[in-house]
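A.B. asks: Below is a structure I'd like to ask you about.
The values are calculated or read from the model by the stated rules, or taken from the named source; none is laboratory data. Just so we're clear, the structure is a prediction, and the values are computed from it rather than from any experiment. Here the Cβ positions follow ideal geometry from the backbone for every residue, glycine too, while neighbour counts run over all protein chains shown. Quick note on the areas: whole protein, heavy atoms, side chains included, nothing else; ligands and nucleic acids left out. Shrake-Rupley method; radii C 1.70, N 1.55, O 1.52, S 1.80 Å.
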Amino acid sequence: MIIDFQQHYTPAEMLKGDPKSLTAQVDERGNPNYLLNPQLGDLNNHIRMMDYAGIDMGVLSCGVGFDQPDLKICRAINDRMAQAEKDHPGRFIGLAHVPAMKPDEAKAELKRCAVDLGLPGVVIASEMQDQALDHESLKPFFKACSDLGLYVFIHPLAKVINWNRMDADDLGRMFGWEFSLMIATIRVINSGLLDELPDLKIHFSHFSGGIGRYRGRYNGFQQRTKWGTSQIKGHNRQPKLAVDHYLNNRLFYDCAGWAGPDPCGPLGADWVKFGLQELALSQCVFATDYPQAIRDPGEVKDYVEAVEVLDPNANALVHGLNAEKLIPDIKERVAKRKK
């Protein structure tokens with residue numbers, strides 16, 4: 001059973017740019033911030049890729065809704081997610097999209113998605129409306145997710161991180177997105193959110209930006225007294241337990257995040273190899289980032305096969321080792337697939 005926890009889908013009516021060509025969307029400063037890809041709106045293409053690469057199900061999220069304050073747009077996306085599941089039984093799982101910083105609207109739409117549409121999780125960006133994920137206004141959102149049993153998928157913000165040194169070389173996507181994920185991870189941990197909501201499940205994309213590579217730095221700087229920050233408000237926060245406890249026991253991660261497409265297999269396998277050395281296998285799930293990082297069925301197949309043969313842990317990851325931890329009824333969902 002291979003479950004791809006990160007596939008991007010934008011309903012065709014919401015796609016911008018030339019519907020027949022692949023182009024980079026740019027922001028008001030001229031920085032590329034999202035790939036406008038015609039394949040985003042073509043679920044039949046997704047199916048063909050999955051069949052060729054041996055992937056059973058794809059978990060869908062929509063970039064338009066990562067940080068979307070308009071409830072009407074969120075509802076339209078969610079309805080299309082549910083329709084994708086209905087049109088292709090056993091092949092897709094949709095995630096919810098909500099105006100997360102509007103507590104009443106978010107709570108109502110989360111309930112509709114969980115109860116009426118049967119969506120198992122919700123996606124938000126690593127920053128919301130230019131605010132960090134530990135912002136006070138997001139607490140009701142996280143509480144509602146926990147109460148409804150929805151896991152929260154956190155994807156890099158769908159724009160270039162607001163730092164002027166990212167204004168060349170596509171650095172906003174290259175490193176800025178991963179930097180944003182790491183910051184979101186540490187702020188969520190130090191805010192005490194995971195202590196307050198012991199049942200909340202959060203899935204960070206891209207091995208949380210490769211955060212395990214920085215173990216020496218986050219553990220070092222958490223020693224507030226030794227770094228002179230124990231009395232500085234906002235810089236002296238400590239969760240109840242060590243940061244590594246939350247990284248290795250409370251948070252989940254997917255193995256996407258490398259930037260394909262060429263050479264797909266070696267690049268992807270290298271990223272996964274180091275990611276599994278740095279974070280607990282028990283917290284990781286498989287993902288491709290199709291059709292953004294990789295777009296061709298052959299590329300996806302190469303990636304899957306390269307990770308499968310890395311070692312037994314990587315093979316188990318590909319074949320759904322931890323899928324049920326985020327989606328408890330995943331086997332029942334896969335069983336709906338038409339033969």
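A.B. asks: Using only Cα atoms and rounding to the nearest 10 degrees, what angle (0 to 90) does helix 43-53 make with the longest principal axis of the chain?
C.D. replies: The answer is roughly 90 degrees.
A.B. asks: For Lys201, what charge total do you get from the other residues with a beta carbon under 15 Å from its beta carbon, if Lys and Arg give +1 and Asp and Glu give -1?
C.D. replies: Net of charged neighbours comes to -4.
A.B. asks: Once the piece of chain linking His245 and Val309 is laid out straight, how much longer is it, given 0.36 nm per residue of separation minus the C-alpha distance between them?
C.D. replies: Gain in length upon complete extension: 20.1 nm.
A.B. asks: Still on this structure, I have one more. Under the definition of Cα pairs under 8 Å and six or more residues apart, what whole-number percent is the relative contact order of segment 285-339?
C.D. replies: 34
A.B. asks: Please report the accessible area of His235 (heavy atoms, 1.4 Å probe, ligands and nucleic acids excluded) in Å², nearest 10.
C.D. replies: Counting only protein heavy atoms, the figure is 110 Å².
A.B. asks: May I ask for the net charge around Ser230, where only other residues with Cβ less than 13 Å from the Cβ of Ser230 are counted and Lys, Arg are +1 while Asp, Glu are -1?
C.D. replies: Local net charge: +4.
A.B. asks: On a full-extension model of 0.36 nm per residue, what is the gain between Val115 and Asp262, subtracting their alpha-carbon distance, rounded to one decimal in nm?
C.D. replies: Result: 48.8 nm gained on full extension.
A.B. asks: Also: Protein chains only, probe 1.4 Å: how do Val64, Val334 rank by accessible area, largest first?
C.D. replies: Val64, Val334
A.B. asks: Residues of the chain: accessible area per residue at 1.4 Å, in Å²?
C.D. replies: On a per-residue basis, 44 Å².
A.B. asks: Strictly over 22 Å apart at the Cα level, which of Lys201/Lys233; Lys143/Lys325; Lys139/Lys201; Lys107/Lys331; Lys72/Lys338; Lys273/Lys336 would you flag in this model?
C.D. replies: With Cα atoms farther than 22 Å apart: Lys201/Lys233; Lys107/Lys331; Lys72/Lys338; Lys273/Lys336.
A.B. asks: For Lys226, go through the lysines and keep the ones whose alpha-carbon is under 25 Å away, minus same-chain ones fewer than eight residues off.
C.D. replies: Straight-distance partners of Lys226: Lys240.
A.B. asks: May I ask you to order 75-84, 204-213 by the average number of other C-beta atoms within 10 Å around their residues, highest value first?
C.D. replies: 204-213, 75-84
A.B. asks: Using only the alpha-carbon atoms, what does the chain span along each of its principal axes? Please give whole angstrom values in decreasing order.
C.D. replies: 61, 45, 44 Å, listed from the longest principal axis down.
A.B. asks: Could you rank Tyr218, Tyr253 by how accessible they are, 1.4 Å probe, largest area first?
C.D. replies: From most accessible down to least: Tyr218, Tyr253.
A.B. asks: Which order do you get for Met57, Met101 if you rank them by accessible area with a 1.4 Å probe, largest at the top?
C.D. replies: Descending order: Met101, Met57.
A.B. asks: Same structure, new question: In the neighborhood of Tyr52, defined by Cβ-to-Cβ distances under 14 Å, what is the net charge if each Lys or Arg adds +1 and each Asp or Glu adds -1?
C.D. replies: -3
A.B. asks: Also: Using alpha carbons only, how many degrees (0 to 90, rounded to 10) separate the axis of helix 297-308 from the longest principal axis of the chain?
C.D. replies: Helix 297-308 sits roughly 50 degrees off the main axis of the chain.
A.B. asks: Moving to a separate point now. Does segment 212-339 classify as rounded, prolate or oblate by the C-alpha gyration tensor (a ≥ b ≥ c root eigenvalues; a/c under 1.5 gives rounded; else a/b over b/c gives prolate, otherwise oblate)?
C.D. replies: Prolate is the answer for segment 212-339, as a/c is 1.5 or above and a/b outweighs b/c.
A.B. asks: Next question, about the same structure. With a 10 Å radius around each residue's Cβ, average the other Cβ atoms per peptide and rank 47-53, 283-289, highest first.
C.D. replies: For the peptides 47-53, 283-289, the packing ranking is 283-289, 47-53.
A.B. asks: Let me ask something else. Could you tell me which of Gly172, Gly90, Gly118 has its Cα farthest along the dipole of the chain towards the positive end, charges placed at Cβ (Lys, Arg +1; Asp, Glu -1), taken about the Cα centre?
C.D. replies: Gly118
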